[in-house]
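Written below as structure tokens is the structure these notes are about.
The values are calculated or read from the model by the stated rules, or taken from the named source; none is laboratory data. Values in this document were obtained by computation on a predicted structure and should not be read as measured data. So basically every Cβ, Gly included, is an ideal-geometry build from the backbone, and we count neighbours across all protein chains shown.
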Amino acid sequence: MKLPGLIDVHVHLREPGATHKEDFLSGTKAALAGGVTTVLAMPNTQPPLADGSSLHKAVSAGQEKALCDYGLYLGGSMENPDLLPEIADQSVGLKLYLDATYGPLLLEDTIHWRKLFESWPRSRPIVAHAEGKTLAALLYIAFMYDRHIHICHVSTREEICLIKSAKEKGLPVTCEVTPHHLFLSKEDIPALGKRGKSEVRPRLASRDDQRALWDHLEVIDCFATDHAPHTLAEKEGEDPPPGFPGLETALPLFLNAVHEGRLSMEDVITRMYTNPRAVFGLPEQQETWIEVDLKRGYEIRAADQYSKCGWTPFEGWTGLGCVERVVLRGEEVFRNGEILTTAGGGRNIAPSLTYQA
Ligand code: DOR
Ligand code: ZN
Ligand code: ZN
């Protein structure tokens, strides 16, 4: 079956600074293997993408190595509101880290949030990591500035219900949910052994939270992986960082859910292609599609993945709809497990964004 090239609006490619975890080459290979032809990359790199020179490092790495199309988020910091307007157009959006997670970009109070809302141009979206009560505060601030806000990785009943109410009031809010919050709950942590210890942010939630996400599918605009690769050694070592990889497992898990009747094919395409494009104003990729074999089930194994991280929380699960072919702008770039393209074929989509808040 032919599907459009998928879009993942939330991935961590770790470049610059932590290319032993992932880089533009391995991360975009993982994307293609997962049927994804556009990735939007997060700014919590080392250094974080929070000014022109750090952004330039990531732009060059992408230019040199990316195999699929990509966009870069800039990170809002307590120091950078004044310098952002000049470089905003080279990014696909502003990421606000409003709760503690991996990396140094935490914005401590609403004074800083407001400065960023004031300086960030309406030509690019604002996305946020905002959990629980933080989300309620953020919705209020976005309302005050009459601004669209995209909420990353919604994981609880409280959050999905807050977003539902905001949408019912007519606020321009959109959101994404990850496969790990849909398919795993905190009951699954023990089975992850040592690598479950630092798990992920937002943390895996209760069975009731998980059910609430499935019960509110209509509120979920996008499925995004929050592909957050850390090596197995790091996950199992001292002071492990939070994060799960996801690029290579999202589509097979969702197609499995289609097979089980929990989702329709249209539910998947809407949330992994149509809505991501509409929410972020992404350009069309001409002559681009993927082919999946819906009859082909297989065992998910980290050993088969292109990500450098070397593990998956879905080891041994059954995936469905093996990605057989990926065609990007008329060129076959992936077939039956093999990457067929050399580095550099991916485009930075920042200049062609059509978003307007
Ligand atoms: O678990 C997480 N890992 N949550 C985040 O928000 C960041 C991410 C990372 O960069 O590793
Ligand atoms: Zn986050
Ligand atoms: Zn993330």
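Against the list (1) surrounded by fewer than 20 Cβ atoms within 10 Å (Cβ to Cβ); (2) within 16 Å of ligand 1 (Cβ to nearest atom); (3) in a helix (DSSP H, G or I), the condition Glu158 fails is (2). Could we say that Tyr73 is aromatic (Phe, Trp, Tyr), surrounded by fewer than 24 Cβ atoms within 10 Å (Cβ to Cβ), under 15 Å from the mean Cα position of the chain (by Cα) and within 16 Å of ligand 2 (Cβ to nearest atom) here? Criteria not met by Tyr73. Residues in the range 92-127 that are hydrophobic (A, V, I, L, M, F, W, C) and away from ligand 1 (no atom under 11 Å from the Cβ): Val92, Leu94, Leu96, Leu107, Ile111, Trp113, Leu116, Phe117, Trp120, Ile126, Val127.
Scanning the range 4-35 for residues that are in a strand (DSSP E or B), away from ligand 3 (no atom under 15 Å from the Cβ) and buried (at least 24 other Cβ atoms within 10 Å of the Cβ) returns Leu6, Ile7.
Scanning the range 121-174 for residues that are in contact with a Gly (Cβ under 8 Å, 6 or more places away or on another chain) and within 16 Å of ligand 3 (Cβ to nearest atom), we see that the one that is farthest from Asn275 (Cα to Cα) is Glu159.
Pick out the one residue from Gly52, Gly93, Gly71, Gly103 that is modelled with pLDDT under 95 and among the small types (Gly, Ala, Ser). Spell out how you get there, then give the answer.
Working: Gly52 fails: modelled with pLDDT under 95; Gly93 fails: modelled with pLDDT under 95; Gly71 fails: modelled with pLDDT under 95.
That would be Gly103, the only listed residue that is modelled with pLDDT under 95 and among the small types (Gly, Ala, Ser).
Quick one: how many residues across the range 226-239 are away from ligand 1 (no atom under 11 Å from the Cβ) and crowded, with 17+ Cβ neighbours inside 10 Å?
1
The condition (being away from ligand 2 (no atom under 16 Å from the Cβ) and under 22 Å from the mean Cα position of the chain (by Cα)) is satisfied by just one residue among Ser123, Ser119: Ser123.
State yes or no: is Val268 over 20 Å from the mean Cα position of the chain (by Cα), closer than 22 Å to Arg211 by Cα and in a helix (DSSP H, G or I)? No: the conditions fail for Val268. No other residue among Arg277, Arg296 is basic (Lys, Arg), part of a strand (DSSP E or B) and out of contact with any Lys or Arg (no Cβ under 7 Å at 6 or more places or on another chain) apart from Arg296.
To keep it simple, each residue is scored yes or no on (1) surrounded by 14 or more Cβ atoms within 10 Å (Cβ to Cβ); (2) of a type in the set (Phe, Trp, Tyr); (3) closer than 22 Å to Glu248 by Cα; (4) within 16 Å of ligand 2 (Cβ to nearest atom).
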{"site": "Leu171", "(1), (2), (3), (4)": "yes, no, no, no"}
{"site": "Thr174", "(1), (2), (3), (4)": "yes, no, no, yes"}
{"site": "Asp208", "(1), (2), (3), (4)": "no, no, no, no"}
{"site": "Ala212", "(1), (2), (3), (4)": "yes, no, no, no"}
{"site": "Asp221", "(1), (2), (3), (4)": "yes, no, yes, no"}
